[in-house]
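Everything below concerns the one structure shown next.
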Amino acid sequence: MKSIRELYRIGLGPSSSHTMGPRRAAEMFLERHPDASSFVVTLYGSLAATGKGHLTDKAILDVLEPVAPTTIDWQPKIVLDYHPNGMKFCAFDAEGKTIDEWVVFSVGGGALEEEGKPTSTPEVYELKTMGDIMKWCRKNGRTLWEYVEIREGEGIWEYLAEVWHTMKAAVERGIVAEGVLPGPLHLQRKAVQYNIKATGYTASLHSRGLVFSYALAVSEENAGGGVIVTAPTCGSCGVLPGVLYHLWKSRKFEEIRMLRALATAGLIGNIAKHSASISGAEAGCQAEVGVACAMASGAACQLFGGSPKQIEYAAEMGLEHHLGLTCDPVCGLVQVPCIERNAYAAARAMDCNIFASFTDGSHLVSYDRILEVMMQTGKDLPSIYRETSEGGLAKDYQQME
């Protein structure tokens, strides 16, 4: 299992799989062929179906076009076997002869994979399931965040501090930003309104309104192409910071405790990425917002002193009750239903923490088991409900031209 540095990626929205991943792939291909006379990039499946709304073409062209003329070939009806988010990069010489071809897949969270080739980054975690990690914690009298520190090294705290500061900055930018988000939906930003209106309610509703506003703030920053952290993806990037920012502001937790919560959340997300999926194109929104809710639920439970068993229960609950959630972005944009969904999942994460904290952590369905079910559910979903914008909420809307 890879480092959580690969789960928490800092970059520009609106999509980790459709924007960050393709941009990174273009940069890697350009490094191989800086002297090419032209490029053709073919986008397959989900990347082609919703790529225009996710700015996939812009992400690639911004990298390649300054060097040589680049053509984007959209093939939404062709889905490569390995993953729905396939790309083929071709480089040509001055005579139009092919120099090189490279097929690569954007598998979620900004990560890239080649079929049949393991990624070159090192394996950091020897244990790969929550069950095995929990056994290790019990045997050694350790917490989940301590397991992260032991496997990642003390340098992880410096990186998580950068992640936390980026998350906070996204909240604080988004909470004062007003206006219309880019795209044909002309969607008004709501975070600032929620934040202001929350002050007029009693304590319980005030708290819930603030959580809504913070999650909205980050999701709206993402939709506007701002700097965010994948947690575990761009499309679900508002859930974890929405919860953590609220708890930090309201409970005055010290920064080191916030970083430890981020480490635990990263471990929860990393297990999902390794054992199942965090890609909406592969497994629906349950793999994005559902996993984000699991991460936020576990992080909140740790902040309030939860045991490893309670943290695992909170995480399992956060994902279990998102099972079957479809990915059907209207016009291929990370806006409807994505933005509101982040706010709702952040509030649900707070409830999962409370529910788990009322127990001793014992429960029937494990986090590892719910990941198996989530992945099978994703495979069983028709492709129109997995980020193609062909079904569900997106059915009656035309793609951007």
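The values are calculated or read from the model by the stated rules, or taken from the named source; none is laboratory data. Everything numeric in this text was worked out from a predicted model, so none of it was measured. Here the Cβ positions follow ideal geometry from the backbone for every residue, glycine too, while neighbour counts run over all protein chains shown. All accessible areas refer to the heavy atoms of the entire protein, side chains included, with ligands and DNA or RNA removed. Shrake-Rupley method; radii C 1.70, N 1.55, O 1.52, S 1.80 Å.
Show me the ranking of peptides 132-143, 311-322 by mean Cβ neighbours inside 10 Å, starting with the highest. Display every interim value, and only then the final one.
Values: 132-143: 14.7, 311-322: 27.6.
Most protected by this proxy first, the peptides run 311-322, 132-143.
Relative to the present Cα-Cα distance, how much length would full extension add between Val227 and Glu178 at 0.36 nm per residue of separation?
Details: separation 49, 0.36 × 49 = 17.64 nm, distance 1.67 nm.
Value of the extension gain: 16.0 nm.
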For the range 189-283: rounded, prolate or oblate by the Cα gyration tensor [a/c cutoff 1.5]: oblate
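When you count, for each residue, the other Cβ atoms within 10 Å and take the mean per peptide, how do 325-338, 179-192, 75-88 rank with the highest first? Before the final figure, lay out the partial values.
Numbers: 325-338: 24.4, 179-192: 16.9, 75-88: 18.6.
Going from most to least packed, we get 325-338, 75-88, 179-192.
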Percent of all Cα-Cα pairs per 20 Å bin for the chain, counting from 0 up to the last occupied bin, reads 30, 57, 12, 0
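Before rounding to the nearest 500, sum -39500 (n - 2.57) across all DSSP H runs of length at least 4 in the chain and divide by the residue total; then give [θ] at 222 nm in deg cm²/dmol. Display every interim value, and only then the final one.
Details: 15 runs with 195 residues, N = 401.
Estimated from H runs of four or more residues: -15500 deg cm²/dmol.
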Spin-label point model (7 Å from Cα, Cβ direction): what's the Val365 to Glu27 distance in nm? 3.9
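Given Cβ point charges of +1 (Lys, Arg) and -1 (Asp, Glu) and nothing else, what value in debye, to the nearest 20, does the dipole of the range 159-259 about its Cα centre take?
Numbers: 10 positive and 7 negative charges, 70 e Å.
That gives the range 159-259 a dipole magnitude of about 340 debye.
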By the rule of another cysteine's Cβ lying under 4.7 Å, the cysteines of the chain that fail to get a partner are Cys90, Cys137, Cys234, Cys237, Cys293, Cys301, Cys331, Cys338, Cys352
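Got the relative contact order for the chain handy, in percent, Cα pairs under 8 Å and 6 or more residues apart?
Working: 872 pairs, mean separation 75.8, N = 401.
Relative contact order, the chain: 19 percent.
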Nearest 10 degrees, 0 to 90: helix 130-140 Cα axis against the chain principal axis: 50
Anything over 20 Å Cα to Cα? Flag those among Lys97/Lys117; Lys77/Lys395; Lys52/Lys190; Lys2/Lys117, in the order listed. Lys97/Lys117; Lys52/Lys190
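Tell me, what % of the accessible area of the chain is carbon and sulfur with a 1.4 angstrom probe?
Details: 8470 of 16340 Å².
In the chain, the share of accessible area belonging to carbon and sulfur is 52 percent.
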Between Ile78 and Ser37, how high is the FRET efficiency from 1/(1 + (r/R0)^6) when r is the Cβ-Cβ distance and R₀ = 45 Å? Nearest 0.05. 0.95
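If the convex hull of the alpha-carbon atoms of the range 1-158 is projected onto planes in all directions, what is the mean projected area in square nanometres? Write out the running numbers ahead of the final one.
Working: hull surface 44.4 nm².
If you wrap the Cα atoms of the range 1-158 in a convex hull and average its projections, you get 11.1 nm².
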Return one number: the angle in degrees, 0 to 90 and rounded to the nearest 10, between the long axis of the Cα atoms of helix 289-303 and the longest principal axis of the Cα atoms of the chain. 30
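Between Glu101 and Ile150, what length in nm is gained on full extension when 0.36 nm per residue of separation is reduced by their alpha carbon distance? The partial results should precede the final answer.
Numbers: separation 49, 0.36 × 49 = 17.64 nm, distance 4.03 nm.
Contour length minus Cα-Cα distance gives 13.6 nm.
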